[in-house]
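The values are calculated or read from the model by the stated rules, or taken from the named source; none is laboratory data. The structure displayed is predicted, hence computed values, not measured ones. Heads up, the Cβs are rebuilt from the backbone with ideal geometry, glycines too, and the neighbour counts pull from every protein chain shown. Just the protein is used for accessible areas: all its heavy atoms, side chains included, with ligands, DNA and RNA removed. Shrake-Rupley method; radii C 1.70, N 1.55, O 1.52, S 1.80 Å.
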Amino acid sequence: MTTEAESGTPGAPRAAGPEGGVDASRIAAHLATFADLTEPGPGCTRLAFSPLERRAHAVFARHMADLGLSVGTDHAGNTVAELPGTGEPRAIGTGSHLDTVPSGGGFDGIVGVVSAMEVAEVMVRSGTPHRRPWRFVAFAAEEGARFGQACNGSRMAAGLTSSADLSGFTDRDGVTMADAMAGVGLRPDLVDRSRWRAEDWFAFVELHIEQGEVLRSRGLDVGVVDVISGSTRLRVRATGRATHSGGTPMHLRRDAMVVAAECVVLGDRIARDPARRGVRVTVGRLTVEPGSITTIPGEVEFFVDVRDVDPVRQRETARVLAQEFAAVAMARGVELVTETIADTPPVTLPDWVADHARAASDGLGLPYQVLPSGASHDIQQIGHIIPAGLLFVPSEAGLSHSPDEFTPTEQIVPGVRVLLRTLLRLDEADR
Ligand code: GLV
Ligand code: MN
Ligand code: MN
């Protein structure tokens, strides 16, 4: 991806205000608590709308209740805590998500929720005066890994996904999103009542790990995001003929796996075409039936994730992939059906919110980088109804959606300070 470089004033970090109360050991302890809430296996596995995700939300809720905040979980599974304001009705907010991909890390999303927990604690301990209600949010089911669609809790809060849609998403075991939600005590039938009203809000700022290497490579602690990539997700089913691997000569085969393999390589080649520079195409899940060493694959299903900061290129690439996949299949006598299972456009974040984040970094003497986000974020959905901002902290080696995902606590602290200063500025601002 291209990156527009822009840096604030370099200098030694200063934190004379309440930002000085941001505490590394508390942040580390919260991260460790969440890291323990995982299925067995490498890294952290806490899937969307699973009992473990609900337990993580309960940890967040308990922390906020212990601080004296009012806290509740809505029908979509989003947990919201509020520190009341003193006059201004429109709230400011911060938060992120607590679910992970299979064998993911303990930082994607979690750092933003832990930052919200720490900002709340600093505000309560310091008694810093403020005008607006401050809301701290753990969004539900941000990861698209289980159901295909990402940012589910934030989409429901923004009114972009409604109750009627929830039976249309299924996981690999055939469980619908609606059933998964009901299974953990949520009310998929009532999620439309959990929509946020734009008029109740002034601005929302999410802090997240970068999931790339720009900040690390430049030795910076803070990123201010200007645009968030969109994603189009395709489910592709190739149906050939399952029969004997020894008895069937090569010229009589209709091998669904060979078609899928050609499609995977073709997708990679199309995305590497310099004319499409910036698009990313990934096949991250593929199942082969009957899955026997001695049977020609009769059925292959795979999923394609197309990401871009350019909505036209994103959709056009998805369309070209579907067309080219069909041609590959036809040449081998295999049937192929491509379906779009999720489609989220890129979002350009408003300059005026980013300006507050940049001024906050400058005020704390922390140089920052303006950069795009390759990953999706809850703020992308919330940004449809509330002016939104996104801050990044560095990711070690740029790794994410991996057990090796890591950000040292000392590199989270500056981000939390900038987040707190940004929220304080937004608390005072009328725009
Ligand atoms: C969310 O983490 C995404 O897949 O971008
Ligand atoms: Mn995330
Ligand atoms: Mn993620």
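All alpha carbon pair distances within the stretch 133-228 were sorted into 10 Å bins beginning at 0; the resulting P(r) in whole percents reads 13, 38, 27, 18, 4.
What does the highest-first list of 358-367, 22-31 look like by mean Cβ count within 10 Å?
The packing order, highest mean first, is 358-367, 22-31.
Heavy-atom accessible surface of the stretch 231-344, averaged per residue, reaches 52 Å², computed with a 1.4 Å probe. Between the residues THR340, ILE382, GLN369, the greatest Cα displacement towards the positive end of the dipole of the stretch 334-431, with unit charges on the Cβ of Lys, Arg, Asp and Glu, is found for GLN369. The charge dipole of the chain, taken about its Cα centre with unit charges on the Cβ of Lys, Arg, Asp and Glu (plus for the first two, minus for the last two), comes to roughly 420 debye.
Quarter the surface of the alpha carbon convex hull of the chain and you get the mean projected area, 20.8 square nanometres.
For the stretch 231-344, a crude dipole built from +1 on the beta carbon of Lys and Arg and -1 on the beta carbon of Asp and Glu, taken about the Cα centre, is about 180 debye to the nearest 20. With contacts taken as Cα pairs under 8 Å at a separation of at least 6 residues, the chain carries a relative contact order of 24 percent. Centre-to-centre separation between the Cα atoms of the stretch 345-399 and those of the stretch 118-164: 15 Å. The packing ranking, built from the mean of other Cβ atoms within 10 Å per residue, places the peptides 72-82, 373-383, 187-197 in the order 373-383, 72-82, 187-197, highest first.
Only helices enter this figure: runs of n ≥ 4 DSSP H residues, each worth -39500 (n - 2.57), summed and divided by the residues of the chain, yield -10000 deg cm²/dmol at 222 nm to the nearest 500. Enclosing the Cα atoms of the stretch 272-313 in their convex hull gives a volume equal to 99 cubic angstrom per residue.
Do you know the relative contact order of the stretch 231-344, to the nearest whole percent, from alpha carbon pairs under 8 angstrom that are 6+ apart? Walk me through the numbers on the way to the answer.
Working: 217 pairs, mean separation 51.1, N = 114.
Reported as a whole number, the value is 45 percent.
Which length gain, in nm to one decimal place, applies between ARG218 and ALA326 when the Cα-Cα distance is subtracted from 0.36 nm times their residue separation?
Values: separation 108, 0.36 × 108 = 38.88 nm, distance 4.33 nm.
34.6 nm is the gain from fully extending ARG218 to ALA326.
The per residue volume of the convex hull around the alpha-carbon atoms of the stretch 231-344 is 88 Å³.
At a 1.4 Å probe radius, carbon and sulfur cover how many percent of the accessible area of the chain?
On the chain, the fraction of accessible area on carbon and sulfur atoms equals 52 percent.
Here's the picture: charge each Lys and Arg Cβ at +1 and each Asp and Glu Cβ at -1 in the chain, and of PRO297, GLN411, MET177 the one pushed furthest to the positive end of that dipole is PRO297.
Taking Lys and Arg as +1 and Asp and Glu as -1, the other residues whose beta-carbon sits under 14 Å from that of MET250 total +3.
Other residues lying with their Cβ under 14 Å from the Cβ of ALA65 contribute a combined charge of -2, Lys and Arg counting +1, Asp and Glu -1. Of the peptides 204-210, 55-61, the ranking by mean beta-carbon count within 10 Å, highest at the top, reads 204-210, 55-61.
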